[in-house]
1. With the requirement that a residue be in a helix (DSSP H, G or I) and open to solvent by 10 Å² or more (accessible area, probe 1.4 Å), what does the range 309-333 give you?
2. Out of all the residues in the range 278-308, which are open to solvent by 10 Å² or more (accessible area, probe 1.4 Å) and in a loop (DSSP other than H, G, I, E, B)?
3. Suppose we keep only residues that are open to solvent by 60 Å² or more (accessible area, probe 1.4 Å) and not aromatic (Phe, Trp, Tyr) within the range 32-44. Which one would you say is nearest to Pro21 (Cα to Cα)?
4. Which one of these is touching a strand residue (DSSP E or B) at 6+ places or on another chain (Cβ under 8 Å), aliphatic (A, V, I, L, M) and open to solvent by less than 60 Å² (accessible area, probe 1.4 Å): Ala85, Ala102, Ala121, Ala90?
5. If you check every pair at least six apart or on different chains, which have Cβ atoms under 6 Å apart with a residue in the range 256-284 that is more than 14 Å from Leu323 (Cα to Cα) first and a residue that is hydroxyl-bearing (Ser, Thr, Tyr) and open to solvent by less than 10 Å² (accessible area, probe 1.4 Å) second?
6. Where in the range 142-261 are there strands (runs of 3 or more DSSP E), lying fully within it, with 1 or more residues that are basic (Lys, Arg) and open to solvent by 10 Å² or more (accessible area, probe 1.4 Å)?
Amino acid sequence: MIDIDAAFAPAAAYVADGRIPGATLGVVTASGERAVRFAGHAALVPEREVLTEHHWFDLASVSKVIAATTMILMLADEGRLDLDAPLTTAIPDLRQYDVANAAERRLTFRDCLAHRTFLPAVEPIYTYGDDPNRLRAFVLQREWKHGPPVYSDINFILLGIAIERITGQPLSAWPLGEGLSYGPPPGPAVATEFCHWRGRMLKGEVHDENCSALGGTAGHAGLFGTVAGVLDFAEAFLNGSSVSSAMIHAICTPQFEHRTCGWDSRYPGWPGGDACSPGTIGHTGFTGTGLWVDFDRGVAWTLLTNRVHPTRHSEAAASIFALRPAIGDAVIAAVS
């Protein structure tokens, strides 16, 4: 049995105190048992809208694991790419004007999945133009400033381009399952933030500026999901119904520090809390989302919030960093 009320209690308190507008928690076990609780509002401005179980959340960087990472690993399973081959096997025109010396041409798929590259964390790509194809070309031909390995959106933008090149289709053509979709979502959406670049409150429109400029679909962001859609994805990982043993090994094996292929493995102070087993992986999204899968205990949970609504620049928005581990610990206690 899942004591979902106890698991949700920390989030319920945050909503009641006004630290986040709304929150949804979903928990699923390997046997298929699942439970969901939600509270608060999908939007506060310009009008209040009560949150329901059927609202779609902008998953932000959780897109990296549900979509891009899964796509890359499935293509590897099919023999359509080699994780240890350079990106140029799929993107031959990467830094094509400096074939002999460009370090970008030596980066592998595994390097990008594990964020063990020299690429920067983020770049305001959206400020360089408004043509998605031109911006993709900019990403491919730019000589990126070198730095120490960091968690980088650029890694996954490159992986997204590679997927498109290998499949000959946009990322949105990949079958994601019910409850997961590149935007705009086909149902009621949770509001995120007032975007000063676009001059409007975002609702059902991708929050990430670079993803928006790249056409709304990119390797690092752009996916929307309902709690049921995210739980379906997690349950398939827990019971192995749609993933191979090679994929599970790749996402559970550290490649660089605490990073696996696409995911984070448990490390001290991580957002998944202290109570989960060592065999737990997870990923968070800037908008206030997150997904964690504890393979040893056979349980997964997703916490979906709109913590950036109506703005990321508030103490309330920062409170998510304490809420996430509290939820993780509460979930483990609720299923133990």
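The values are calculated or read from the model by the stated rules, or taken from the named source; none is laboratory data. Here the structure is a predicted model, which means the values were calculated and not measured. Heads up, the Cβs are rebuilt from the backbone with ideal geometry, glycines too, and the neighbour counts pull from every protein chain shown. Heads up: the accessible areas ignore ligands, DNA and RNA and are worked out on the full protein's heavy atoms, side chains in. Shrake-Rupley method; radii C 1.70, N 1.55, O 1.52, S 1.80 Å.
1. Of everything in the range 309-333, those that are in a helix (DSSP H, G or I) and open to solvent by 10 Å² or more (accessible area, probe 1.4 Å) turn out to be Glu315, Ala316, Ala318, Phe321, Ala322, Arg324, Pro325, Ala326, Asp329, Ala330, Ala333.
2. Passing the criteria: Pro278, Gly279, Phe286, Phe295, Asp296, Arg297, Gly298, Arg307.
3. Per the criteria, the residue is Arg37.
4. Within the list Ala85, Ala102, Ala121, Ala90, the selection yields Ala85.
5. Partner pairs satisfying both residue conditions: Gly262/Thr69; Arg266/Thr280.
6. Per the criteria, 200-203.
Conditions tested, residue by residue: (1) within 14 Å of the chain's Cα centre (by Cα); (2) small (Gly, Ala, Ser).
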residue: Phe233; (1), (2): yes, no
residue: Ser244; (1), (2): no, yes
residue: Asp274; (1), (2): no, no
residue: Phe286; (1), (2): yes, no
residue: Ala300; (1), (2): no, yes
residue: Arg307; (1), (2): no, no
